[in-house]
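All remarks here apply to the structure that follows.
Just so you know, all these numbers are worked out from the coordinates, no wet-lab data involved. As the structure is a prediction and not an experimental result, all values here were calculated from the model. Because the Cβ atoms are built from the backbone with ideal geometry, glycine has one as well, and the counts that use them run over all protein chains shown.
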Amino acid sequence: MVDDTRVEQPHWITPVATTTPRLEQEFRYDIQWQPHNSGLITNNYGVSKGLEIIPAENWEIILAVPPYIENNPNSRNGFGDWQFLVKYRIVAQNEDHGNYILTAFFQMSFPTGSHQQGTLDPVITPTIAYGKGFGNFDVQGTLGISLPAGDEVKIGRNLTWNNTFQYRLLKKFWPEAEVNFTHYYQGERNGNTVVYLTPGLVLGRFHVWGHLGFTIGGGYEIAVTSFHPTNQIAILSVRFPF
């Protein structure tokens, strides 16, 4: 069933930062290094990635591992919030029949983080995701908004719009450029907009054994707006599709 689900959709690689509209079955672990304007450096181990499974045709569930967040030189370290995400693939055609996809997401996070590493209340994030391929080139994107279940004035609502532009080289090399846009409503960043440009490269999928594969990628987010909580963010992403 999983193989049939994959065959029906485009065979692009999952971007470094943008959540792919494709349905995938894998275990993913990311790391981010974020220097702040204040001099604080935040290391995020896990970045709310984890187990991605396809339990039924057109459906995917992501069960995230709570990230461990380390703040230097501050001692406020601890685990972040637990999240899950459900994807429903509305329509998809592989490279032989149109090369496109449209998917709906439902994401929810729970305030399980320690030492104020997470939010005060659960947050729901409905999202629409899309993609279109043109030969070896493809565009993948998401548009969503976070909706806190309470304390909206403190937490705020974030409108996020991410787009990735990829090109496939020599079957296994996927250079990409991402545009990551966030506009803040309410909260301490109310009215501000931040845009990051993220050049990156993903390598894979490499066959390991049976259905098990290996993919690795990395990127560097660079702020291009006057408002930016962090100037740049380095990202490492490791995946084991199966």
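Summing Cβ point charges (Lys, Arg +1; Asp, Glu -1) relative to the Cα centre of region 18-130 gives a dipole of roughly 260 debye.
Choose one of P175, G80, N163: the residue whose Cα lies farthest towards the positive end of the charge dipole of the chain (beta-carbon charges +1 Lys, Arg; -1 Asp, Glu; about the Cα centre). Of the listed residues, the answer is P175. Distance from the alpha carbon centroid of region 102-135 to that of region 1-54 works out to 12 angstrom. Phi angles of region 148-156 translate, via the Karplus equation with coefficients 6.51, -1.76, 1.60 and θ = phi - 60°, into HN-Hα couplings of x, 7, x, 6, 4, 5, 7, 7, x Hz per residue; Gly and Pro are given as x. For region 133-242, the set of GluC sites (Glu not before Pro) satisfying both a DSSP loop assignment and a count of at most 12 other C-beta atoms within 10 Å is given as E188. The label-point distance for D151 and L197, in a model that sets each label 7 Å from Cα toward Cβ, rounds to 3.7 nm.
Dipole magnitude for region 127-242: computed about the Cα centre from +1 point charges on Lys and Arg Cβ and -1 point charges on Asp and Glu Cβ, it is near 420 debye.
Would you mind checking region 37-78 for residues with the amide N under 15 Å from a putative spin-label position 7 Å along Cα→C-beta of S114? In region 37-78, the label zone of S114 (backbone N under 15 Å from the point 7 Å along Cα→Cβ) covers 45, 66-71, 75-78.
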